[in-house]
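Working notes for the structure below.
The values are calculated or read from the model by the stated rules, or taken from the named source; none is laboratory data. Note that the structure is a prediction, hence the values are computed from the model and not measured. Cβ: placed from backbone, ideal geometry, glycine included. Neighbour counts: every protein chain shown.
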Amino acid sequence: MRFMIIVKANADSEAGVMPSSEAIARMGVFNEKMIEAGVMLAGDGLHPSSRGARIKSENGKVVVTDGPFSETKELIAGFWMIQTKSYEEALEWCKRIPFDAGMEVELRKAFEASDFVSDSITEEHLAKEQEFRDAQKPISNG
Amino acid sequence: MNGDNISRAIETVWRMEAPRLVAGLVRMVRDISLAEELAQEALVGALQSWPKSGVPDNPGAWLMTSAKRCAIDYFRHNAMVARKLPEIAHATPTDASAAPDPEALLDAGSGDDLLNLMFVACHPALSPEAQSALTLRLIGGLSTNEIARAFLVSEATMAQRIVRAKRTLAEAGERFAFPNSAERQARLGSVLGVLYLIFNEGYSATTGQDWMRPQLCEEAMRMGRILAQMVPDQSEVHGLVALMELQASRFAARHGADGTPILLAEQNRARWDRTLIGRGLAGVDRARAESLHPGSYSLQAAIAACHARAALSCGNRLERDCPTLRPIGTNQSRPRY
């Protein structure tokens with residue numbers, strides 16, 4: 001099963017303060033351990049929200065709001081995707097994170113293929129969606 | 001945390017550490033069952049002391065030290081028995097200095113323990129079924145019950161299979177020593193074969209079956225990634241991991257809501273897993289970087305990569321976009337779903 005470990009933003013991460021070289025080295029060791037154990041799938045740190053934007057649809061119109069955003073505790077500063085045998089194992093990896101002062105993470109389970117095998121998606125719906133996708137022109141960079 | 005939670009946390013830590021623990025112990029005691037028993041004793045020790053002292057900072061090292069202590073006790077006990085027995089039989093006592101010093105033996109650590117344990121589990125004297133079972137047990141750290149469910153056999157049958165595999169190893173005179181470089185290549189091929197066998201066993205599972213079966217795919221990929229860390233210069237290891245990841249990326253799209261298989265060309269590519277595709281494509285590149293002469297896993301991964309790349313743009317432009325396919329010829333079977 002797969003989990004996302006979400007690293008919460010804090011004042012430092014939002015201010016764009018880079019972690020100390022010691023902190024980066026400690027994190028490197030931790031990542032190495034997860035790679036050696038075959039559990040790490042992906043992971044990245046994120047720039048502050050001042051370099052991002054929020055996009056939503058209002059009355060059918062797309063509205064873009066540029067960052068920064070004030071509610072720091074609700075923002076994220078990075079993530080890991082890991083694959084473990086159990087929730088307990090994912091929790092155990094979280095406990096081994098070399099936490100910096102003020103650092104907080106959130107552990108969330110990702111949906112698996114089996115979670116979607118339900119009657120909510122009908123064959124007809126799938127066929128239609130496929131037809132729609134196949135009708136699209138290839139996206140080309142050139 | 002209540003008592004239940006603490007024991008569960010301890011058992012989780014133990015399960016995470018068990019393969020390395022057993023690997024180290026196998027090198028020392030040259031016996032799989034004994035190594036497993038000693039690792040179990042370390043778990044018992046942890047269950048007794050961690051609820052009071054808390055989980056140590058380096059639980060793996062704690063468990064290893066504890067298991068080593070049990071091993072030393074075991075050796076001492078045996079040495080004592082060996083001394084006593086001849087006395088009882090009124091024979092000449094054996095020379096005590098001839099016995100190996102257990103502490104020296106236990107301290108001669110090796111970073112290749114886990115790799116060696118993979119080689120042992122995939123020993124050529126064992127049948128593919130036995131190799132898979134032993135690999136899942138020793139490297140994957142799965143319980144006999146979990147392996148039995150994954151292979152759709154009873155727990156008793158699987159337990160028998162594992163016991164027999166261990167006996168076969170003993171009869172084959174397995175010394176649990178790291179194989180030399182010539183033998184290593186052959187053994188590595190055998191390990192890759194076993195991992196792919198385990199993966200396919202899980203991949204063939206259909207919806208509604210026990211969740212342990214798809215779990216086999218995850219386990220095979222995880223063990224493949226561990227192996228890739230240990231022998232990073234082996235192109236075929238990267239090829240196999242990439243092949244498994246690219247195939248697993250299609251897991252969600254392979255079946256309709258009623259469980260009927262959907263062929264590759266008809267799959268909803270939006271349901272393919274992008275994380276696994278990204279990893280798989282990187283793995284194909286890595287395999288190519290390690291060797292100019294791709295092996296069969298690397299080639300199959302390259303084919304799977306073409307399908308994945310097609311999914312990332314649109315439609316299935318396999319032949320046009322994939323020069324890799326040309327050297328393979330027309331007889332090679334392609335993934336159907």
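Filtering the stretch B:248-261 to residues that are assigned to a helix (DSSP H, G or I) and modelled with pLDDT of 80 or more leaves B:A248, B:F251, B:A253. Just so you know, in the stretch B:1-35 the residues that are of a type in the set (D, E) and surrounded by fewer than 19 Cβ atoms within 10 Å (Cβ to Cβ) include one that is nearest to B:L63 (Cα to Cα), and it is B:E11. Residues that are touching a residue at least 12 places away in the same chain (Cβ under 8 Å) and either more than 8 Å from chain A (Cβ to nearest Cβ) or out of contact with any Phe, Trp or Tyr (no Cβ under 7 Å at 6 or more places or on another chain) (or both) within the stretch B:250-266 comprise B:R250, B:F251, B:A253, B:R254, B:H255, B:G259, B:P261, B:I262, B:L263, B:L264, B:A265, listed in sequence order.
Counting only helices (runs of 4 or more DSSP H) that sit completely within the stretch B:155-247, those holding 1 or more residues that are within 11 Å of chain A (Cβ to nearest Cβ) and among the acidic types (D, E) correspond to B:212-230. Being more than 30 Å from B:E290 (Cβ to Cβ), among the polar types (S, T, N, Q) and surrounded by fewer than 18 Cβ atoms within 10 Å (Cβ to Cβ): is that true of B:S143 here? Yes; evaluated as a whole, the condition is true for this residue.
Selection of the stretch B:37-61 for residues being without any contact (Cβ under 8 Å) to a residue 24 or more places away in the chain and not small (G, A, S) yields B:E37, B:Q40, B:V44, B:Q48, B:K52, B:P56, B:D57, B:N58. With respect to (1) more than 14 Å from every other protein chain (Cβ to nearest Cβ); (2) not in a helix (DSSP H, G or I), the lone exception for A:P98 is condition (1). Restricting the stretch A:38-47 to residues that are under 20 Å from A:M1 (Cα atoms) and not in a strand (DSSP E or B) leaves a set whose member that is farthest from the other protein chains (Cβ to nearest Cβ) is A:V39.
A quick yes/no check of all residues on (1) exposed (fewer than 10 other Cβ atoms within 10 Å of the Cβ); (2) within 14 Å of chain B (Cβ to nearest Cβ); (3) more than 30 Å from B:A220 (Cβ to Cβ):
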site	(1), (2), (3)
A:S21	yes, no, yes
A:E36	no, yes, no
A:S49	no, no, yes
A:R54	no, no, yes
A:E58	yes, no, yes
A:I76	no, no, yes
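Sub-7 Å Cβ pairs linking a first residue in the stretch A:45-59 that is closer than 25 Å to A:G28 by Cβ and without any contact (Cβ under 8 Å) to a residue 40 or more places away in the chain to a second residue that is assigned to a strand (DSSP E or B) and of a type outside the set (D, E, K, R), at least 6 apart or interchain, are A:G45/A:A77; A:G45/A:G78; A:L46/A:I76; A:L46/A:A77; A:L46/A:G78, ordered by first then second residue.
Against the numbered list (1) in contact with a Lys or Arg (Cβ under 9 Å, 6 or more places away or on another chain); (2) within 14 Å of chain A (Cβ to nearest Cβ); (3) of a type outside the set (K, R), B:A18 comes up short only at (1). Condition first: surrounded by 13 or more Cβ atoms within 10 Å (Cβ to Cβ) and among the acidic types (D, E). Now tell me which residues in the stretch B:150-175 satisfy that. Hits for the stretch B:150-175 are B:E155, B:E174.
Kindly indicate whether any position in the stretch A:75-88 is of a type in the set (A, V, I, L, M, F, W, C), in contact (Cβ under 8 Å) with a residue 40 or more places away in the chain and part of a helix (DSSP H, G or I). Looking through the stretch A:75-88, none of the residues is of a type in the set (A, V, I, L, M, F, W, C), in contact (Cβ under 8 Å) with a residue 40 or more places away in the chain and part of a helix (DSSP H, G or I).
Considering each residue of the stretch B:267-286, count those that are crowded, with 17+ Cβ neighbours inside 10 Å, more than 10 Å from chain A (Cβ to nearest Cβ) and of a type outside the set (V, I, T), and give that number.
Count: 5.
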